[in-house]
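One structure below.
Just so it is clear, none of the values below were taken in a lab; they were calculated from the coordinates. This is a predicted model, so every value here is computed, not measured. Positions of Cβ are backbone-derived with ideal geometry, glycine not excepted, and every protein chain shown enters the neighbour counts.
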Amino acid sequence: MKYDFDLLIKRTHRKKTLSIIIRDQKVILSAPKYVSDQEINKILESKFAWIQKKLTIEKEDFKLNKKYYTSGEIFLYLGKEYYLDIKKNTKSDIYISHNKLIIETTNFDDNNLVKNEIRSWYMKKAKERIELIHKHYEIIMNLKSNKLIFGEYKSKWGSCNIKKVISYDWRIIMSPITVINYIVVHEISHLLHPNHSKYFWSLVEKYIKDYKEPRKWLRLNSKKLIL
């Protein structure tokens, strides 16, 4: 059956129940492997009105949070708000000073150039900071991944596959450090428990006592983590 929205169906042995989330105008349905196409279609039909409503809300939220890369706009970094201040200079540089994210560039009126430079800065900072956090928790949890990857993903902030490759969405650098810590511990915990069983959550809680709070923050603020 065809739907008038972008649909991604993920079947995994980790899931015991079916869930639907909306992210970046995509409907992501996760289900246990044994759930049939017919059952999935029935669920989608029963949730059609809810899905359309959520897509509309997300679209409006996206308009509110869309960046135009002009001075005065608010950008998040490690959960704090900074006002963009674009300055003309013969050399390019980006840095934080007090409550400002300052970008010095030769073409300060070129929004695409400003956008690319800001995104590159965020990616660099994400790799530097999150790698350190990841290594820290690998040591104290006594677990080791085989590879670390950074990307930009539609349906996840992090993942861990059977080859022990852990991926992080670099945009999580915009969230508070407590949220980043939770995401890192969540993915490292999958090295031992490739599921979301009570043993998995018990391990997460051992290192992130109030893990429900960062989960809540992500649920309420994920729409702000865009560039």
Of the candidates 152, 138, 117, 187, the one satisfying the condition of being buried (at least 17 other Cβ atoms within 10 Å of the Cβ), under 17 Å from the mean Cα position of the chain (by Cα) and of a type in the set (Asp, Glu) is 187
Listed by range, strands (runs of 3 or more DSSP E) wholly within the stretch 1-95 having at least 2 residues that are over 30 Å from residue 107 (Cβ atoms) are 6-12, 19-23, 26-32
Residue 199 fails exactly one of the following numbered conditions: (1) part of a helix (DSSP H, G or I); (2) of a type outside the set (Lys, Arg); (3) buried (at least 18 other Cβ atoms within 10 Å of the Cβ). What is the number of that condition?
(3)
Exactly one of these conditions fails for residue 98: (1) surrounded by 14 or more Cβ atoms within 10 Å (Cβ to Cβ); (2) at positive phi. Give me its number.
(1)
I'd like the residue in the stretch 54-76 that is of a type in the set (Phe, Trp, Tyr) and crowded, with 16+ Cβ neighbours inside 10 Å and, out of all such residues, is nearest to the chain's Cα centre (by Cα).
75
Of (1) closer than 30 Å to residue 73 by Cβ; (2) not in a helix (DSSP H, G or I), residue 217 satisfies every one except (2)
